[in-house]
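Read through the structure below, which is laid out as C-alpha coordinates, and then see the notes.
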Ligand SMILES: [Zn+2]
(Lines give C-alpha, C1' and ligand atoms only; values in the text may rest on other atoms or scores of the structure.)
Protein backbone atom coordinates (compact mmCIF):
# COMPACT_ATOMS: atom_id res chain seq x y z
CA UNK A 1 0.00 0.00 0.00
CA UNK A 2 2.70 2.46 0.98
CA UNK A 3 4.49 4.08 -1.96
CA UNK A 4 7.59 4.86 0.12
CA UNK A 5 11.02 3.25 0.04
CA UNK A 6 11.74 1.23 3.18
CA UNK A 7 14.07 3.86 4.67
CA UNK A 8 11.44 6.57 4.37
CA UNK A 9 8.68 4.23 5.58
CA UNK A 10 10.81 3.52 8.64
CA UNK A 11 11.27 7.24 9.34
CA UNK A 12 7.51 7.77 9.02
CA UNK A 13 6.78 4.87 11.39
CA UNK A 14 9.22 6.28 13.94
CA UNK A 15 7.60 9.72 13.95
CA UNK A 16 4.11 8.13 14.06
CA UNK A 17 5.11 6.23 17.20
CA UNK A 18 6.64 9.37 18.81
CA UNK A 19 3.67 11.59 18.05
CA UNK A 20 1.13 8.97 19.22
CA UNK A 21 3.01 8.53 22.51
CA UNK A 22 3.41 12.30 23.01
CA UNK A 23 -0.34 12.92 22.77
CA UNK A 24 -0.66 11.03 26.06
CA UNK A 25 1.58 13.67 27.69
CA UNK A 26 -1.01 16.37 26.91
CA UNK A 27 -3.55 14.31 28.87
CA UNK A 28 -1.09 13.48 31.65
CA UNK A 29 -0.31 17.15 32.28
CA UNK A 30 -3.96 18.21 32.07
CA UNK A 31 -3.48 20.43 29.02
CA UNK A 32 -6.48 19.20 27.01
CA UNK A 33 -10.16 18.31 27.36
CA UNK A 34 -12.22 15.93 25.19
CA UNK A 35 -10.63 15.73 21.70
CA UNK A 36 -9.03 19.20 21.79
CA UNK A 37 -5.33 19.81 21.28
CA UNK A 38 -2.89 18.27 18.83
CA UNK A 39 0.73 17.29 18.31
CA UNK A 40 2.50 16.97 14.97
CA UNK A 41 5.97 15.81 14.04
CA UNK A 42 8.05 16.53 10.95
CA UNK A 43 9.61 13.75 8.88
CA UNK A 44 12.84 15.15 7.47
CA UNK A 45 13.28 13.94 3.90
CA UNK A 46 14.93 16.85 2.08
CA UNK A 47 17.96 19.08 2.52
CA UNK A 48 16.07 22.40 2.60
CA UNK A 49 12.97 20.95 4.27
CA UNK A 50 10.62 21.77 1.39
CA UNK A 51 10.02 18.11 0.52
CA UNK A 52 9.35 17.02 4.09
CA UNK A 53 6.15 15.46 5.44
CA UNK A 54 4.49 15.53 8.86
CA UNK A 55 2.10 13.40 10.87
CA UNK A 56 -0.74 14.90 12.88
CA UNK A 57 -3.71 13.84 14.97
CA UNK A 58 -6.92 13.02 13.12
CA UNK A 59 -9.94 15.28 13.65
CA UNK A 60 -12.34 14.40 16.46
CA UNK A 61 -10.60 11.23 17.69
CA UNK A 62 -10.43 10.51 21.43
CA UNK A 63 -7.02 10.36 23.09
CA UNK A 64 -7.53 6.67 23.96
CA UNK A 65 -7.73 5.82 20.25
CA UNK A 66 -4.56 7.58 19.14
CA UNK A 67 -2.55 4.59 17.96
CA UNK A 68 0.32 5.34 15.54
CA UNK A 69 -1.70 3.98 12.59
CA UNK A 70 -4.53 6.46 13.30
CA UNK A 71 -2.32 9.49 12.75
CA UNK A 72 -2.52 11.27 9.42
CA UNK A 73 0.41 11.75 7.04
CA UNK A 74 0.43 15.12 5.25
CA UNK A 75 2.65 17.10 2.90
CA UNK A 76 3.74 20.62 3.81
CA UNK A 77 0.66 22.09 2.12
CA UNK A 78 -1.41 20.16 4.65
CA UNK A 79 -2.74 17.72 2.03
CA UNK A 80 -3.23 14.12 3.17
CA UNK A 81 -0.93 11.67 1.34
CA UNK A 82 -3.32 9.48 -0.65
CA UNK A 83 -3.25 5.79 0.22
CA UNK A 84 -1.12 6.31 3.34
CA UNK A 85 -2.00 4.59 6.61
CA UNK A 86 -4.89 6.44 8.29
CA UNK A 87 -5.69 8.50 5.16
CA UNK A 88 -9.38 7.49 5.32
CA UNK A 89 -9.80 9.95 8.21
CA UNK A 90 -9.72 13.75 8.15
CA UNK A 91 -6.70 15.42 9.76
CA UNK A 92 -7.04 17.85 12.69
CA UNK A 93 -8.77 21.13 11.85
CA UNK A 94 -5.50 22.84 12.87
CA UNK A 95 -3.52 21.06 10.14
CA UNK A 96 -3.22 24.18 7.94
CA UNK A 97 -1.59 26.08 10.82
CA UNK A 98 0.90 23.28 11.50
CA UNK A 99 1.68 23.01 7.75
CA UNK A 100 2.28 26.75 7.46
CA UNK A 101 4.78 26.63 10.33
CA UNK A 102 6.67 23.67 8.81
CA UNK A 103 6.73 25.36 5.37
CA UNK A 104 8.09 28.62 6.69
CA UNK A 105 10.33 27.45 9.54
CA UNK A 106 12.40 24.54 8.18
CA UNK A 107 14.22 24.24 11.52
CA UNK A 108 10.98 23.34 13.34
CA UNK A 109 10.51 19.59 13.86
CA UNK A 110 7.39 19.60 16.05
CA UNK A 111 4.29 21.74 16.66
CA UNK A 112 1.80 21.50 19.53
CA UNK A 113 -1.48 23.28 20.16
CA UNK A 114 -3.62 23.13 23.30
CA UNK A 115 -6.28 25.17 25.06
CA UNK A 116 -4.58 24.80 28.46
CA UNK A 117 -6.43 26.87 31.10
CA UNK A 118 -3.99 29.47 32.34
CA UNK A 119 -2.28 30.06 29.00
CA UNK A 120 -5.71 30.63 27.43
CA UNK A 121 -6.59 33.06 30.23
CA UNK A 122 -3.56 35.20 29.28
CA UNK A 123 -4.49 34.84 25.58
CA UNK A 124 -8.05 35.96 26.34
CA UNK A 125 -6.63 39.19 27.74
CA UNK A 126 -4.13 39.48 24.88
CA UNK A 127 -1.43 39.88 27.51
CA UNK A 128 2.09 38.49 27.21
CA UNK A 129 3.41 36.56 30.22
CA UNK A 130 6.20 38.65 31.72
CA UNK A 131 9.50 36.94 32.49
CA UNK A 132 9.48 37.03 36.29
CA UNK A 133 10.65 33.51 37.16
CA UNK A 134 14.02 31.99 36.37
CA UNK A 135 12.42 28.88 34.85
CA UNK A 136 10.92 31.13 32.15
CA UNK A 137 14.29 32.77 31.50
CA UNK A 138 15.83 29.30 31.17
CA UNK A 139 13.19 27.81 28.93
CA UNK A 140 11.89 30.76 26.88
CA UNK A 141 14.59 33.43 27.26
CA UNK A 142 12.06 36.15 28.06
CA UNK A 143 8.32 36.83 28.02
CA UNK A 144 5.83 34.57 26.24
CA UNK A 145 4.54 36.74 23.37
CA UNK A 146 0.98 37.19 22.13
CA UNK A 147 0.11 36.52 18.49
CA UNK A 148 -2.66 38.19 16.48
CA UNK A 149 -6.34 37.28 16.61
CA UNK A 150 -6.99 34.81 13.78
CA UNK A 151 -9.65 32.24 12.97
CA UNK A 152 -9.54 28.84 11.30
CA UNK A 153 -10.20 28.81 7.57
CA UNK A 154 -7.04 30.04 5.87
CA UNK A 155 -3.35 30.58 6.63
CA UNK A 156 -3.90 33.38 9.15
CA UNK A 157 -3.23 31.31 12.30
CA UNK A 158 -0.04 29.85 10.82
CA UNK A 159 1.05 33.27 9.61
CA UNK A 160 0.46 34.75 13.06
CA UNK A 161 2.51 32.00 14.72
CA UNK A 162 5.44 32.42 12.33
CA UNK A 163 5.41 36.24 12.44
CA UNK A 164 5.47 36.18 16.22
CA UNK A 165 8.02 33.41 16.82
CA UNK A 166 10.48 34.04 14.00
CA UNK A 167 13.56 35.61 15.56
CA UNK A 168 12.03 35.32 19.05
CA UNK A 169 13.61 33.17 21.73
CA UNK A 170 10.25 31.88 22.91
CA UNK A 171 9.08 28.50 21.54
CA UNK A 172 5.54 29.41 22.63
CA UNK A 173 3.06 31.99 21.35
CA UNK A 174 -0.31 32.82 22.88
CA UNK A 175 -2.64 33.39 19.94
CA UNK A 176 -5.01 36.13 21.10
CA UNK A 177 -8.45 34.97 22.28
CA UNK A 178 -7.41 31.41 21.42
CA UNK A 179 -4.48 29.72 23.11
CA UNK A 180 -0.90 28.52 22.96
CA UNK A 181 0.96 27.09 19.98
CA UNK A 182 4.46 25.79 20.64
CA UNK A 183 7.29 24.75 18.36
CA UNK A 184 10.40 22.65 18.95
CA UNK A 185 13.38 20.93 17.43
CA UNK A 186 11.17 17.82 17.44
CA UNK A 187 7.69 16.88 18.67
CA UNK A 188 8.94 16.05 22.19
CA UNK A 189 10.57 19.48 22.46
CA UNK A 190 7.33 21.20 21.38
CA UNK A 191 5.36 19.15 23.94
CA UNK A 192 7.84 20.17 26.64
CA UNK A 193 7.27 23.82 25.67
CA UNK A 194 3.48 23.29 25.89
CA UNK A 195 3.85 21.87 29.41
CA UNK A 196 6.23 24.65 30.48
CA UNK A 197 4.14 27.50 29.06
CA UNK A 198 1.10 26.34 31.05
CA UNK A 199 3.26 26.04 34.18
CA UNK A 200 4.60 29.59 33.67
CA UNK A 201 1.11 30.94 32.92
CA UNK A 202 -0.26 29.43 36.14
CA UNK A 203 2.64 30.44 38.38
CA UNK A 204 2.81 34.04 37.16
CA UNK A 205 -0.97 34.35 37.44
CA UNK A 206 -0.87 33.14 41.06
CA UNK A 207 2.03 35.45 41.87
CA UNK A 208 0.26 38.50 40.49
CA UNK A 209 -2.90 37.69 42.45
CA UNK A 210 -0.89 38.08 45.65
CA UNK A 211 1.16 41.17 44.85
CA UNK A 212 3.25 43.09 42.35
CA UNK A 213 5.63 41.12 40.13
CA UNK A 214 9.38 41.73 40.29
CA UNK A 215 10.95 41.83 36.82
CA UNK A 216 14.23 39.96 36.20
CA UNK A 217 16.89 42.28 34.74
CA UNK A 218 17.44 41.62 31.01
CA UNK A 219 21.10 40.89 31.56
CA UNK A 220 20.25 38.15 34.07
CA UNK A 221 17.62 36.71 31.69
CA UNK A 222 20.26 36.57 28.94
CA UNK A 223 22.71 34.79 31.20
CA UNK A 224 20.17 32.26 32.46
CA UNK A 225 18.97 31.51 28.93
CA UNK A 226 22.47 31.13 27.57
CA UNK A 227 23.50 28.81 30.39
CA UNK A 228 20.41 26.63 30.12
CA UNK A 229 20.44 26.41 26.32
CA UNK A 230 24.17 25.94 25.78
CA UNK A 231 26.03 25.01 28.93
CA UNK A 232 23.43 23.03 30.84
CA UNK A 233 23.14 20.61 27.92
CA UNK A 234 19.51 21.36 27.09
CA UNK A 235 20.19 22.51 23.55
CA UNK A 236 16.59 22.65 22.39
CA UNK A 237 16.30 26.04 20.72
CA UNK A 238 14.71 25.18 17.39
CA UNK A 239 15.58 28.49 15.78
CA UNK A 240 19.29 28.65 16.41
ZN1 LIG B 1 -7.42 25.84 19.19
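The values are calculated or read from the model by the stated rules, or taken from the named source; none is laboratory data. Treat the numbers as computed from the prediction; the structure is a model and nothing was measured. All Cβ positions, even for glycine, are placed from backbone atoms using ideal geometry, and neighbour counts span all protein chains on display.
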Q) Could you count how many residues in region 118-161 are surrounded by 22 or more Cβ atoms within 10 Å (Cβ to Cβ) and either in contact with a helix residue (DSSP H, G or I) (Cβ under 6 Å, 6 or more places away or on another chain) or in contact (Cβ under 8 Å) with a residue 40 or more places away in the chain (or both)? A) 14
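Anything in region 1-23 that is touching a residue at least 24 places away in the same chain (Cβ under 8 Å) and exposed (fewer than 14 other Cβ atoms within 10 Å of the Cβ)? List them, or say none. Lay out the reasoning, then the answer.
Kept after step one, since they are touching a residue at least 24 places away in the same chain (Cβ under 8 Å), are these residues of region 1-23: 1-3, 8, 11-13, 15-20, 22-23.
Listed by number, the residues that qualify are 1, 3.
Tally up the residues in region 60-71 that are over 17 Å from the mean Cα position of the chain (by Cα) and either part of a helix (DSSP H, G or I) or surrounded by 15 or more Cβ atoms within 10 Å (Cβ to Cβ) (or both), please. Show your work before the answer.
Step one: of region 60-71, the residues over 17 Å from the mean Cα position of the chain (by Cα) are 60-70.
Next, only the ones that are either part of a helix (DSSP H, G or I) or surrounded by 15 or more Cβ atoms within 10 Å (Cβ to Cβ) (or both) stay: 61, 63-66, 68-70.
Selection size over region 60-71: 8.
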Q: Could you tell me whether residue 88 is under 27 Å from residue 44 (Cβ atoms), modelled with pLDDT under 95 and exposed (fewer than 15 other Cβ atoms within 10 Å of the Cβ)?
A: yes
Q. If a residue has to be surrounded by fewer than 16 Cβ atoms within 10 Å (Cβ to Cβ), within 16 Å of the ligand (Cβ to nearest atom) and not in a loop (DSSP other than H, G, I, E, B) to count, how many in region 28-48 make the cut?
A. 0
Q) All but one of (1) away from the ligand (no atom under 16 Å from the Cβ); (2) surrounded by 24 or more Cβ atoms within 10 Å (Cβ to Cβ); (3) in contact (Cβ under 8 Å) with a residue 40 or more places away in the chain hold for residue 170; which doesn't? A) (3)
Q. Of all residues in region 123-157, which are part of a helix (DSSP H, G or I) and within 17 Å of the chain's Cα centre (by Cα)?
A. 123, 136, 139, 140, 156, 157
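In region 173-190, which residues are touching a helix residue (DSSP H, G or I) at 6+ places or on another chain (Cβ under 8 Å) and away from the ligand (no atom under 16 Å from the Cβ)? Before you say what the answer is, go through the steps one by one.
First, pick out the residues of region 173-190 that are touching a helix residue (DSSP H, G or I) at 6+ places or on another chain (Cβ under 8 Å): 173-184, 186-188.
Selection gives 184, 186, 187, 188.
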Q | Residue check for residue 115: within 15 Å of the ligand (Cβ to nearest atom) and either closer than 22 Å to residue 36 by Cβ or part of a strand (DSSP E or B) (or both) | A | yes
